[in-house]
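Inspection log for the structure reproduced underneath, given as structure tokens.
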Amino acid sequence: MKFRIMTGSGRLAILLFLSVLFSFKFCATETSTETETEKDVDQGETILEDYLVCRTCGADAALSNFVISQLSPKALVAANETLFGKEVLVQILENPLGLRYEVVTSRRATCKRIGVWTKSHTWFPGYAWKLCLCSRCSAHLGWMFEPIATATDDQFFPTEKGFYVIVLSNIIPEKEVKSLLASAYTPTAPGTD
Ligand SMILES: [Zn+2]
């Protein structure tokens, strides 16, 4: 780092002070970046696994990192299956109309901001729900669940105590989309004609 030394000892002192301060800040930032990188590798906390995208339009719906195992006491079937490269709780839930959905639960998801919470016919006692619609094309992705106490009209999305239920047939892992695209397009290697 180079500073043009100006006349006057006061200015020089200020420049030296700023120089030391800047160096210290720069080193501190570097150290914290290294720590985070190590954490990523060692604990896998923030490594992105796979995006689950809307099957209709391809918009991001959820991230497989945030898939959880929130068991519904009303599940017709609940079993661990290997999905998105890991063991995931898959449940079959039935609505009052007799429609069945194969679902996973997630700590986070991306849904359109809509309507009010409903308490009746909930799959998770103590939780109110609303639909989770794709933020881009409004296709049905699943539902949002929030503890009844905090499911107020001004709480548009689940808090940290809430969660999301995602219908497997309404999303597709992005890696799967890419492999489908790759297998559909097989370019001719140059010089093989
Ligand atoms: Zn969509």
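In the set (1) surrounded by 20 or more Cβ atoms within 10 Å (Cβ to Cβ); (2) closer than 15 Å to Gly58 by Cα, Ser169 fails one condition alone, (1). Scanning the range 111-128 for residues that are surrounded by fewer than 20 Cβ atoms within 10 Å (Cβ to Cβ) and either within 16 Å of the ligand (Cβ to nearest atom) or within 18 Å of Lys74 (Cα to Cα) (or both) yields a total of 10. The conditions of being surrounded by 14 or more Cβ atoms within 10 Å (Cβ to Cβ), part of a strand (DSSP E or B), without any contact (Cβ under 8 Å) to a residue 40 or more places away in the chain and more than 16 Å from the ligand (Cβ to nearest atom) are not met by Leu131. Looking at the range 168-189, which of the residues that are at pLDDT 95 or above and outside any strand (DSSP E or B) is nearest to the ligand (Cβ to nearest atom)? Applying the filter and picking the extreme gives Asn170.
Among the residues of the range 134-167, those identified as aliphatic (A, V, I, L, M), more than 16 Å from the ligand (Cβ to nearest atom) and more than 16 Å from Val104 (Cβ to Cβ) are Ile148, Ala149, Ala151. Which ones in the range 55-107 are within 16 Å of the ligand (Cβ to nearest atom), surrounded by 15 or more Cβ atoms within 10 Å (Cβ to Cβ) and part of a loop (DSSP other than H, G, I, E, B)? Arg55, Thr56, Gly58, Ala59 - these are the residues of the range 55-107 that are within 16 Å of the ligand (Cβ to nearest atom), surrounded by 15 or more Cβ atoms within 10 Å (Cβ to Cβ) and part of a loop (DSSP other than H, G, I, E, B). In this structure, does Phe145 turn out to be surrounded by 15 or more Cβ atoms within 10 Å (Cβ to Cβ), in a strand (DSSP E or B) and either modelled with pLDDT of 95 or more or not hydrophobic (A, V, I, L, M, F, W, C) (or both)? Spelling it out, Phe145 is indeed surrounded by 15 or more Cβ atoms within 10 Å (Cβ to Cβ), in a strand (DSSP E or B) and either modelled with pLDDT of 95 or more or not hydrophobic (A, V, I, L, M, F, W, C) (or both).
The values are calculated or read from the model by the stated rules, or taken from the named source; none is laboratory data. Owing to the predicted nature of the structure, the values given are computational and were not obtained by experimental measurement. Note that each Cβ is placed from the backbone with ideal geometry, even for glycine, and that neighbours are counted across all protein chains shown.
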